[in-house]
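Heads up: the structure comes next, in structure tokens.
The values are calculated or read from the model by the stated rules, or taken from the named source; none is laboratory data. Being a predicted model, the structure only gives us computed values, none of them experimental. When we count neighbours, we look across all protein chains shown, and the Cβ atoms used for this are built from the backbone with ideal geometry, even at glycine. Quick note on the areas: whole protein, heavy atoms, side chains included, nothing else; ligands and nucleic acids left out. Shrake-Rupley method; radii C 1.70, N 1.55, O 1.52, S 1.80 Å.
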Amino acid sequence: MTPEDLQRLVKKETPSDLAEALAGLSERERRALSKTAADLHRKNSRGELWAEASRQRWLGVFEAAPTTESFWRVAVNVALAVLGVGPLSLARRLEFIHHDLHDPEADPVVRVLADRRPPWASDWLEHRLEQEWPGLSWGTVRLLVTSGVCARPRGAGYARLMAREMRLVPRQGQPHVPLSRRLLQDPGLLEDEVWRLFECDTDAFSFDWMAGAQHVPEGYETWPDALLRLCGEETLDRARLLDASLSGLWITTSAATQSGLSAFHQELEPTALELEAREGAYRELLGHKTPSVVGFALRQLARLQKAGGMDEAAFLASARPVFALKPKAHPLAVLRLLKRLVAKSDAPPAEAVALLVEAFRHPAVDVQETALVLLEKNEGTLDDTARARLAESVEDIAPLVRPRVARLLGGEEGTD
């Protein structure tokens with residue numbers, strides 16, 4: 001193949017024809033064409049190919065004058081030429097790789113790389129997936145992996161692309177296959193990729209593309225829908241899903257994803273035994289910086305307490321960070337758990353009393369008053385240490401509550 005041949009193929013032929021022409025070239029022949037591919041890439045990036053087409057109409061194989069469709073075809077061909085004959089340094093500079101103009105069953109990107117098998121293919125794919133818009137469809141990426149051209153990418157971009165594109169509905173006139181069924185058609189995804197959704201930030205649990213749509217295809221599934229269905233069919237391990245949804249709360253920084261993961265965990269409807277097995281994980285979440293996550297953990301611990309399976313001593317040792325949160329709902333939830341705990345004994349443990357005293361560091365009057373009522377009912381359990389800590393908190397205590405605290409401590413009514 002001569003440089004002139006490559007230019008003609010890029011400008012006039014289809015991506016499939018170009019892929020066919022590149023097949024079988026030796027690396028020596030490819031290196032000889034590398035400069036031509038670089039020139040085509042440079043011209044395409046600057047818009048020179050489009051201008052040249054307008055002048056010379058050498059895209060007449062499609063129409064008498066260049067069209068949007070022919071423009072995209074040439075852009076695809078330039079990328080294919082770079083992948084087929086260029087070095088990694090040039091391939092990494094590609095921004096636009098493929099457009100949905102070719103038969104997905106004969107993907108020319110996969111065909112070119114599968115024929116060439118460059119040693120840098122995996123590194124190139126990792127680099128592309130690190131970009132905000134990789135320029136590759138999920139179908140192309142998955143074919144590169146399953147065909148053995150590229151190793152399975154480890155970066156988060158791989159999971160983000162899967163999360164975004166696998167749930168998209170087909171174009172009008174094409175049959176819709178529910179997400180869970182498409183996952184079953186590619187079993188390798190169930191072994192590895194679906195678990196990545198819990199290990200990095202994606203929108204799998206935070207955004208529904210069809211929310212508010214007028215026409216939702218029959219059988220449409222969100223990612224949570226699909227995973228729950230596969231779990232119900234015993235295709236995905238239930239215990240692993242429960243654990244993964246909890247660990248994911250520590251990994252993601254997106255409040256929407258945290259909310260989605262919490263909802264997914266609850267939709268699994270863990271049994272009392274499953275709650276008990278994960279009690280430690282729920283307690284650890286009490287130290288999470290996101291109030292909604294802490295609220296989720298408290299709801300699970302409340303269920304566990306009602307079932308009689310909560311390790312109360314461990315809870316008392318873990319709940320203090322909740323009183324540092326600004327919203328009052330979460331400290332009040334802790335106090336409700338404490339109320340049930342204290343009611344079970346005539347002499348509540350010193351750790352429970354210490355936690356009640358900690359509640360006075362929260363600025364909400366409701367929190368302080370609720371804690372005070374419990375302390376007043378168990379006044380005899382206030383030891384010297386608890387009294388000292390309560391006295392230290394006087395400046396933080398709301399004026400409405402301060403006189404009652406003073407009486408509890410045995411002092412004058414009110415301090416200023």
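Given springs between every Cα pair under 10 Å in a Gaussian network model of the chain, which of Glu126, Glu193, Glu267 has the largest fluctuation?
In this elastic network of the chain, the residue with the biggest mean-square fluctuation among Glu126, Glu193, Glu267 is Glu267.
Kindly write out, for region 21-26 in residue order, the coupling ³J(HN,Hα) from the Karplus curve 6.51 cos²θ - 1.76 cosθ + 1.60 (θ = phi - 60°), rounded to whole Hz, with x marking Gly and Pro.
Values per residue, Gly and Pro as x: 5, 7, 4, x, 5, 6 Hz.
Got a number for the accessible area of Val82? Probe 1.4 Å, square angstrom, nearest 10.
It works out to around 0 Å².
If r is the Cβ-Cβ distance from Ala239 to Glu95 and R0 is 45 Å, what FRET efficiency results, to the nearest 0.05?
Once the sixth-power term is evaluated, E becomes 0.55.
What's the angle, to the nearest 10 degrees (0 to 90), between helix 255-267's Cα axis and the longest principal axis of the chain?
In the chain, helix 255-267 runs at an angle near 70 degrees to the longest axis.
If amide hydrogens are placed 1.01 Å from N in the peptide plane, which non-local residues have theirs closer than 5 Å to the one on Phe207?
Counting only residues 5 or more places away or on other chains, the set is empty.
Between Lys377 and Arg340, what length comes free when the chain is fully extended (0.36 nm per residue of separation minus the Cα-Cα distance, one decimal in nm)?
Between Lys377 and Arg340, full extension yields 12.0 nm more.
Based on the alpha-carbon gyration tensor of region 139-254 and its eigenvalue square roots a ≥ b ≥ c, which shape applies: rounded if a/c is under 1.5, prolate if not and a/b is larger than b/c, or oblate?
Since a/c stays below 1.5, the shape of region 139-254 is classed as rounded.
In degrees from 0 to 90, rounded to the nearest 10, what is the angle of the helix 156-165 Cα long axis to the longest principal axis of the chain?
The two axes meet at around 80 degrees.
How high is the relative contact order of the chain, in percent, with contacts defined as C-alpha pairs under 8 Å that are six or more residues apart?
8
Applying 1/(1 + (r/R0)^6) with R0 = 60 Å to the Cβ-Cβ distance of Ala151 and Arg299, what FRET efficiency is obtained, to the nearest 0.05?
Efficiency, rounded to the nearest 0.05: 0.90.
How would region 212-359 be classified by its alpha-carbon gyration tensor: rounded, prolate or oblate, with rounded meaning a/c under 1.5 and the a/b versus b/c comparison settling the rest?
Prolate.
Taking the Cβ of Val149 as the center, what net charge do the other residues with Cβ under 14 Å away carry, scoring Lys and Arg +1 and Asp and Glu -1?
+2
How much accessible surface area, in Å² rounded to 10, belongs to the heavy atoms of Phe71 with a 1.4 Å probe?
70
Phe96 accessible area, nearest 10 Å², 1.4 Å probe?
Around 60 Å² of this residue is reachable by solvent.
Measure off 7 Å from each Cα along the Cα-to-Cβ vector at Glu27 and Arg46, then give the distance between these two points in nanometres to one decimal.
Placing both labels 7 Å along Cα→Cβ, they lie 3.2 nm apart.
Calculate one ³J(HN,Hα) per residue across region 225-236 by plugging θ = phi - 60° into the Karplus curve 6.51 cos²θ - 1.76 cosθ + 1.60, and present them in order as whole Hz with x for glycine and proline.
4, 5, 5, 5, 5, 5, 5, x, 8, 6, 8, 10
From the backbone phi of region 124-134, what are the Karplus-calculated ³J(HN,Hα) couplings (6.51 cos²θ - 1.76 cosθ + 1.60, θ = phi - 60°) in whole Hz, Gly and Pro given as x?
Going residue by residue, I get 4, 5, 4, 4, 4, 6, 6, 6, 4, 10, x Hz, with x marking Gly and Pro.
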